[in-house]
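Engineer: Once you've had a glance at the structure underneath, I'll fire off some questions.
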Amino acid sequence: MAALRSFLTSWTSVTPVLAVVVLALAWGRDLGPVFVAVVAIALGATVLAAVHHAEVVAHRVGEPFGSLVLAVAVTVIEVALIVTMMVSGGPEAGSLARDTVFAAVMITTNGIVGISLLVGARRYGVTLFNSEGSGAALATVATLATLSLVLPTFTSSTPGPAFSPAQLAFAAVASLALYATFVLTQTMRHRDFFLPVAADGEVKEDDHADPPTNRAALGSLALLLVALVAVVGLAKVESPAIEAGVSAAGFPQSFVGVVIALLVLLPETLAATRAARRDRMQISLNLAYGSAIASIGLTIPAIALASIWLPSELLLGLGSTQIVLLALTVVVSVLTVVPGRATRLQGGVHLVLLAGFLVLAVNP
């Protein structure tokens, strides 16, 4: 066991450095099929390494601050990918931000939540969490999604599903304000709402392992930053192959946003699943809803600022099918979190909603 742990630790430490080397070799070159595969492998391995180092840092700072580490890391990757692909994609990439953010919301609220509930309920029968904290997080997600993704469809100041400059500025400021308010609520005044709970309602502190030393945490933080830079660069290098693969499969170009969201949310999915296995469902929900809040609350303001220099118009409004899926997701999520406990049924319902989203993303 010790040898395996040592191998995994060394593997996650070496991977970000090797990924930077691969990035340097691939940057600015036309890649053949073999090197495209190498970059894809390096990209996936670096994402997994980022998970490890983010969890080390998260374990050191403790909950609920730890859940914010992965959420912010994911947002950095997401914004960088959206901006770089919108710059290279031209006018046709105007809806990429909308497609990516909406995919992130559906994957977090249905995919991560559904998998976590299914894993936790299968192992413990009934999963327990704090309905006050989870409900507040879900309300924030619903408000952010409506302000940023639904309202542009119904405004009339500009043609198409887009905000006017004044409306976009309001949406950006409101998103930042809501995100900041949520973070302050989660980490300060009502921190106990976002901690794991026992059957009697008492808060459970994590006691599965001693936290890492400051030196280990700082080392993981440095490697996490290196991994994030490598992920953004490798994804930029791999983006033409992603777009070509989506087109070759006959999928709509909007599916590129789904691919981006699936990639950047892999760390959250793995971390949430591990937390569910340890009967820490609240941490899983913190990761899921925290990622959705960060994905909208930080991505939309960043994209709004970047739209000043982007070559294409920023299209944020969802279509009718997407709005129906979002509304159903919010209703089902409310019914899931209000009781403060859930079974495999709720997990299955959320996963069916995710499957419906993916099917309609492939075949609108």
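The values are calculated or read from the model by the stated rules, or taken from the named source; none is laboratory data. Note that this is a predicted model, so its numbers are computed, not measured. A quick note on method: Cβ atoms are made from the backbone with ideal geometry, for glycine too, and the neighbour counts reach across all protein chains shown. Side chains are part of the model used for accessible areas, which takes the heavy atoms of the whole protein and leaves out ligands, DNA and RNA. Shrake-Rupley method; radii C 1.70, N 1.55, O 1.52, S 1.80 Å.
Engineer: How many residues are open to solvent by 60 Å² or more (accessible area, probe 1.4 Å) and either assigned to a helix (DSSP H, G or I) or of a type in the set (Lys, Arg) (or both) if we restrict to segment 350-364?
Structural biologist: Summing the residues that are open to solvent by 60 Å² or more (accessible area, probe 1.4 Å) and either assigned to a helix (DSSP H, G or I) or of a type in the set (Lys, Arg) (or both) in segment 350-364 gives 3.
Engineer: Kindly indicate which of Ala103, Ala166, Ala139, Ala177 is aliphatic (A, V, I, L, M), assigned to a helix (DSSP H, G or I) and open to solvent by less than 50 Å² (accessible area, probe 1.4 Å).
Structural biologist: The conditions single out Ala103.
Engineer: If a residue has to be open to solvent by less than 10 Å² (accessible area, probe 1.4 Å) and over 19 Å from Gly160 (Cβ atoms) to count, how many in segment 300-339 make the cut?
Structural biologist: 4
Engineer: Could you please let me know if Ala327 is without any contact (Cβ under 8 Å) to a residue 24 or more places away in the chain, among the aliphatic types (A, V, I, L, M) and farther than 30 Å from Val61 by Cα?
Structural biologist: yes
Engineer: Please work out which residue is modelled with the lowest pLDDT, limiting yourself to segment 1-29 and to residues that are crowded, with 18+ Cβ neighbours inside 10 Å and small (Gly, Ala, Ser).
Structural biologist: Ala26
Engineer: Going residue by residue through segment 267-279, is there one that turns out to be assigned to a helix (DSSP H, G or I), surrounded by fewer than 22 Cβ atoms within 10 Å (Cβ to Cβ), in contact with a helix residue (DSSP H, G or I) (Cβ under 8 Å, 6 or more places away or on another chain) and aliphatic (A, V, I, L, M)?
Structural biologist: yes
Engineer: Moving to a separate point now. State yes or no: is Thr336 assigned to a helix (DSSP H, G or I), more than 21 Å from the chain's Cα centre (by Cα) and not aromatic (Phe, Trp, Tyr)?
Structural biologist: Here the answer is no, as Thr336 does not meet what is asked.
Engineer: Going through segment 120-136 one residue at a time, which ones are more than 27 Å from Thr181 (Cα to Cα), open to solvent by 40 Å² or more (accessible area, probe 1.4 Å) and aliphatic (A, V, I, L, M)?
Structural biologist: Passing the criteria: only Val126.
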